[in-house]
Amino acid sequence: MTAKPATYEDRLNRVTAYIYDHLDDALDLATLAQVAAMSPYHWHRIYHAVRGETVAMTARRLRLQRAAVDLAQTDRTIEEIASRAGYGGVPAFTRAFSDAYGLPPARYRQEGSHADFKPGQLATPRASWTIEIRHLPAMPMLSVAHRGPYMEIGRSFELLVGKAGAQKLLPSPFRMIAIFYDDPSVVPEDQLRSRAAIVAPSEGAVDLPLKRIEAGGGDHAVLRHKGPYADMRAAYLWLFGTWLPQSGRDAADAPVMEEYLNNPRDTLPGELLTDLFLPLR
């Protein structure tokens with residue numbers, strides 16, 4: 001029997017979810033073949049062709065992304081972070097992290113844009129942080145719910161794009177937007193609510209887990225952030241703690257959004273572009 005395209009996408013999404021859930025483990029290709037329910041001779045070629053990166057590249061990117069968060073937001077030692085990222089020692093981790101992020105781990109911890117914020121003081125604005133006020137129309141979107149760490153919303157974007165493509169609902173090109181409902185400083189990480197979304201026409205029925213929503217609408221303060229996703233915390237703190245009180249505007253009763261303007265699969269972390277949207281009254 002010929003497999004339907006959706007079946008392949010579901011299988012690859014299971015592999016992606018497994019990688020996210022087992023970043024601390026050695027990834028065994030035979031086990032991943034079982035997760036994918038595909039031939040161990042061929043599933044990896046399918047994954048590479050569809051995802052644009054090998055399983056090893058996916059795991060490496062996600063482990064280094066988590067390492068960047070550890071460096072920016074925790075007091076774990078570099079030795080602990082290197083081990084957690086799957087490296088046998090600090091020198092190998094330093095080379096890999098420097099290649100990806102442009103700074104060795106110790107300098108990234110001290111000099112990344114997240115370092116512009118220190119507890120008990122306001123974030124220091126960067127020259128690249130400028131605010132543009134945009135009036136947005138209400139945007140129809142296709143979305144899937146995400147619950148858990150915001151830094152793992154990529155797994156829900158994989159699911160969203162795969163499902164939308166299988167149902168022939170994926171625009172070309174498409175805009176990737178995350179909607180964040182909770183404040184990660186007060187809500188436990190495993191309870192954080194968000195949605196991965198793409199702007200798409202509103203007509204036509206969709207199958208679960210896809211859901212049609214509408215977001216945006218009204219004035220928004222838009223801050224363009226360039227750099228690793230792990231560094232955006234300082235930008236948010238400056239946006240809410242300095243810019244908003246001085247702007248003469250009030251925040252609207254709507255969640256913040258992020259639009260991802262390029263893809264971490266083929267873009268170095270330092271070149272990632274993200275627009276942060278703060279709704280205004």
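The values are calculated or read from the model by the stated rules, or taken from the named source; none is laboratory data. Keep in mind that this is a model prediction, so the values were computed, not measured. Cβ placement follows ideal geometry from the backbone for every residue including glycine, while neighbour counts extend to all protein chains displayed.
The figures follow:
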{"quantity": "Residue count for the stretch 19-31, restricted to those that are surrounded by 14 or more Cβ atoms within 10 Å (Cβ to Cβ) and under 14 Å from LEU62 (Cβ atoms)", "calculated": "5"}
{"quantity": "The stretch 254-270, subset at pLDDT 90 or above and farther than 17 Å from GLY52 by Cβ, residue surrounded by the fewest Cβ atoms within 10 Å (Cβ to Cβ)", "calculated": "LEU261"}
{"quantity": "Residues of the stretch 196-228 satisfying the condition of being outside any strand (DSSP E or B) and touching a strand residue (DSSP E or B) at 6+ places or on another chain (Cβ under 7 Å)", "calculated": "ALA200, PRO201, SER202, VAL206, PRO209, LEU210"}
{"quantity": "Filter pass, ARG45 being out of contact with any Asp or Glu (no Cβ under 9 Å at 6 or more places or on another chain), in a helix (DSSP H, G or I) and exposed (fewer than 13 other Cβ atoms within 10 Å of the Cβ)", "calculated": "yes"}
{"quantity": "Single condition THR242 does not satisfy, out of (1) in contact with a Pro (Cβ under 8 Å, 6 or more places away or on another chain); (2) β-branched (Val, Ile, Thr); (3) not in a helix (DSSP H, G or I)", "calculated": "(3)"}
{"quantity": "From the options GLN73, GLN65, residue that is surrounded by fewer than 16 Cβ atoms within 10 Å (Cβ to Cβ) and in contact (Cβ under 8 Å) with a residue 40 or more places away in the chain", "calculated": "GLN73"}
{"quantity": "Every residue from the stretch 17-37 that is more than 18 Å from MET151 (Cβ to Cβ) and in a loop (DSSP other than H, G, I, E, B)", "calculated": "ASP25, ALA26, LEU27, ASP28, ALA37"}
{"quantity": "Selected residue (criterion: surrounded by the most Cβ atoms within 10 Å (Cβ to Cβ)) from residues of the stretch 171-198 that are of a type in the set (Ser, Thr, Tyr) and under 17 Å from PHE277 (Cα atoms)", "calculated": "SER194"}
{"quantity": "From the options THR16, THR58, residue that is crowded, with 18+ Cβ neighbours inside 10 Å, closer than 24 Å to GLU80 by Cα, β-branched (Val, Ile, Thr) and not assigned by TED's automatic domain parsing to the domain that holds VAL161", "calculated": "THR58"}
{"quantity": "Residue match in the stretch 261-280 (condition: part of a loop (DSSP other than H, G, I, E, B), closer than 25 Å to VAL161 by Cβ and charged (D, E, K, R))", "calculated": "yes"}
{"quantity": "Tally of residues being surrounded by fewer than 16 Cβ atoms within 10 Å (Cβ to Cβ) and in contact with an Asp or Glu (Cβ under 9 Å, 6 or more places away or on another chain) across the stretch 199-225", "calculated": "1"}
{"quantity": "Residue among ALA215, ALA200, ALA205 that is in the same structural domain as SER156 (by TED's automatic domain parsing), within 28 Å of GLY162 (Cβ to Cβ) and touching a Pro at 6+ places or on another chain (Cβ under 7 Å)", "calculated": "ALA200"}
